[in-house]
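Report on the structure given below.
The values are calculated or read from the model by the stated rules, or taken from the named source; none is laboratory data. Since we're looking at a predicted model, the values are computed, not measured. Every residue, glycine among them, receives a Cβ derived from its backbone with ideal geometry; neighbour counts consider all protein chains shown. Ligands, DNA and RNA are excluded from the accessible area calculation, which covers all protein heavy atoms including side chains. Shrake-Rupley method; radii C 1.70, N 1.55, O 1.52, S 1.80 Å.
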Amino acid sequence: MGPAAVNPVTAFYAFQLYLSPKLGYPLPVSSFTFKDCSYIQAPALMFTLPKLKINRNTARSIVHGPHNFGGLKLKHLYCEQANGQLRLLLGHLRNRDHTGELIIIAMSYLQILVGSTKPFWNLPYSKYAKWLENSWFKSVWEFLHRVGFTLDVRLAWTPPMQREGDSTLMTIFIESGYRGRADLAQLNRCRLFHQVFFISDIASANGKVIDEVYRSQEANRDRVSTWKWPKQGLPDSAAWRLWGRALQHLEIHGKLRVPLGEWKAPSHQRWQWQMHIPTQTVVRFLDGNRITYSPMTTERTRGAAQLYSLDTLGNDVGEQGEAEEWAAVTPCFSEVGDGLFSIQFSGALPTSALLPEPHLEPYASFQDKLLRAHPFFLRLIDPIACITDGTLEAIRSYIKEGSLLTCSDGSHDPGRDTACQAWLFADQHGQFCGAALAQSTGTPTGLRRIALSWAALLPYYLFWHRLLSSLT
């Protein structure tokens, strides 16, 4: 297009309708940065702008800006990539297909790498993405940060705080002044090696000091995480020296600056040492076996710790997992030896997280639900005959069998400022189960144009969602 005699109109549409779609086709599954996309697109712009009678050095904010601000609105590959990425992401999440499940798993994996209880999408990218390797999810996150968007994925996993006064380690490290990418990456490697997420993961059972094993280069075999962690080899000595200095920011005079309180949520760590609260008996759960230790009955001086020894009488302390019966224990073995030890213990361990029961809005019939819909949806649905209960039952069975056929279409006339859409449902033999035609006046936005034909289906979707939920 460079040396050829091309008029401005032809050059504009050649760039917008021919070149940009060709370059943008693979972008939804790519992870180019803004700089990469600008570099790829630069040669085309250098040829196109002179054909449009525009200086090729014109500010790119004018070249790619919208018409209402005096811009040319030429497509930028970075925006095209982000648009395709979000469509791909949200489409699979809403469909809940196999790819959607893999996306949820990958999001959980990245949540552990980031080390925060807040969804990583909505965290400051410049702070929390430094220690992550480049990836597709990181590319989407960067775009959301650039445009100031937030993303709410209800199926996404975020861990709750485990104890009162608890916090995440990576957040504490950032607040302690660690800003460099290299330092944060080293700290994160040590954290992944020990498989710890919160301060409570490295604290003793009483929540007052840091368990010394987490300062070392050895994994704690007495507290094993139940999460699926990324593979992390042994970090180098420089990383461990940095890790040791970072842990000192959590302490003052050898104790945690903020002592931890009672448990708020179940720990992801499986504590092998626990105390049966009613009998004050310590039990070690090791390789499927239970080793019991009883408190010694010898007289103690004031302030001396209670010592425990191996129980040879075989006392029964009940089953593990009973509510409010067990406490986490950190054993402190005596220097004298002979298997004697004192303990540091926490409050009662919670056994499970209580999830609220789903609340379904009661209504007498589907017709009542349809008539009580928001006016925005009612105006999109012209008067139609209410679907009978028999038809609804047939639609439900077709959905369950996977044989329901659907068809919808819509269009918009910008000259007349009108839009219309239609939809229908049928069984596998072509028998109609329901259909509607609707018309809307006004000038819909781009998003509304896409959603217009499907908006009429929302009341039906809500109803079917409740029907299917009651079947599972």
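Per-structure values
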quantity: Any hit, segment 299-307, residues being farther than 27 Å from Thr226 by Cβ and either buried (at least 17 other Cβ atoms within 10 Å of the Cβ) or modelled with pLDDT of 85 or more (or both); calculated: yes
quantity: Members of segment 111-139 found to be hydroxyl-bearing (Ser, Thr, Tyr) and either free of Cβ contacts under 8 Å to residues at least 24 places away in the same chain or closer than 20 Å to Leu93 by Cβ (or both), listed by number; calculated: Tyr125, Ser126, Ser135, Ser139
quantity: Filter pass, Arg94 being in contact with a helix residue (DSSP H, G or I) (Cβ under 9 Å, 6 or more places away or on another chain), within 30 Å of Ser135 (Cβ to Cβ) and either free of Cβ contacts under 8 Å to residues at least 24 places away in the same chain or not in a helix (DSSP H, G or I) (or both); calculated: yes
quantity: Residues of segment 220-234 classified as over 27 Å from the mean Cα position of the chain (by Cα) and either open to solvent by less than 80 Å² (accessible area, probe 1.4 Å) or of a type in the set (S, T, N, Q) (or both), total; calculated: 2
quantity: Residue count for segment 114-139, restricted to those that are under 29 Å from Pro259 (Cβ atoms), in contact with a Ser or Thr (Cβ under 8 Å, 6 or more places away or on another chain) and in a loop (DSSP other than H, G, I, E, B); calculated: 6
quantity: Residue ID - modelled with the lowest pLDDT, chosen from residues in segment 177-186 that are open to solvent by 40 Å² or more (accessible area, probe 1.4 Å) and of a type in the set (Gly, Ala, Ser); calculated: Gly177
quantity: Hits in segment 212-234 (condition: under 24 Å from Gly288 (Cβ atoms) and not hydroxyl-bearing (Ser, Thr, Tyr)); calculated: Val213, Glu218, Ala219, Asn220, Arg221, Asp222, Arg223, Val224, Trp227, Lys228, Trp229
quantity: Residue list for segment 1-22, restricted to those being among the hydrophobic types (A, V, I, L, M, F, W, C), part of a helix (DSSP H, G or I) and more than 11 Å from Lys75 (Cα to Cα); calculated: Val9, Ala11, Ala14
quantity: Among (1) in a loop (DSSP other than H, G, I, E, B); (2) open to solvent by less than 30 Å² (accessible area, probe 1.4 Å), the one test that Ile54 misses; calculated: (2)
quantity: Output for segment 246-268, where each listed residue is assigned to a strand (DSSP E or B) and among the charged types (D, E, K, R); calculated: Glu251, Lys255
quantity: In segment 19-51, the residues that are surrounded by fewer than 13 Cβ atoms within 10 Å (Cβ to Cβ) and hydroxyl-bearing (Ser, Thr, Tyr); calculated: Tyr25, Tyr39
quantity: Residues satisfying the stated conditions in segment 269-282, i.e. surrounded by 17 or more Cβ atoms within 10 Å (Cβ to Cβ) and not in a strand (DSSP E or B); calculated: Gln272, Ile277
quantity: Filter pass, Trp243 being open to solvent by less than 70 Å² (accessible area, probe 1.4 Å) and not in a helix (DSSP H, G or I); calculated: no
quantity: Residue that is nearest to Leu23 (Cα to Cα), among those in segment 73-91 that are part of a loop (DSSP other than H, G, I, E, B) and open to solvent by less than 60 Å² (accessible area, probe 1.4 Å); calculated: His76
quantity: Residue that is touching a Cys at 6+ places or on another chain (Cβ under 6 Å) and in contact (Cβ under 8 Å) with a residue 24 or more places away in the chain, where the choices are Leu52, Leu89, Leu77, Leu45; calculated: Leu77
quantity: Selection from segment 248-258 of residues that are within 29 Å of the chain's Cα centre (by Cα) and surrounded by fewer than 19 Cβ atoms within 10 Å (Cβ to Cβ); calculated: His249, Val258
quantity: Within segment 24-51, tally of residues that are under 28 Å from Trp141 (Cα atoms) and in a helix (DSSP H, G or I); calculated: 16
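To keep it simple, each residue is scored yes or no on (1) in contact with a helix residue (DSSP H, G or I) (Cβ under 8 Å, 6 or more places away or on another chain); (2) closer than 30 Å to Arg94 by Cα; (3) assigned to a loop (DSSP other than H, G, I, E, B).
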{"position": "Trp141", "(1), (2), (3)": "yes, yes, no"}
{"position": "Arg146", "(1), (2), (3)": "yes, yes, no"}
{"position": "Leu151", "(1), (2), (3)": "yes, yes, yes"}
{"position": "Leu155", "(1), (2), (3)": "yes, yes, yes"}
{"position": "Pro159", "(1), (2), (3)": "yes, yes, yes"}
{"position": "Phe173", "(1), (2), (3)": "yes, no, no"}
{"position": "Arg179", "(1), (2), (3)": "no, no, yes"}
{"position": "Gln186", "(1), (2), (3)": "yes, no, no"}
{"position": "Cys190", "(1), (2), (3)": "yes, no, no"}
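Residue-by-condition table, conditions (1) under 11 Å from the mean Cα position of the chain (by Cα); (2) open to solvent by 60 Å² or more (accessible area, probe 1.4 Å):
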site: Asn95; (1), (2): no, yes
site: His98; (1), (2): no, yes
site: Ala106; (1), (2): yes, no
site: Val114; (1), (2): yes, no
site: Ser139; (1), (2): no, no
site: Val147; (1), (2): no, yes
site: Arg154; (1), (2): yes, yes
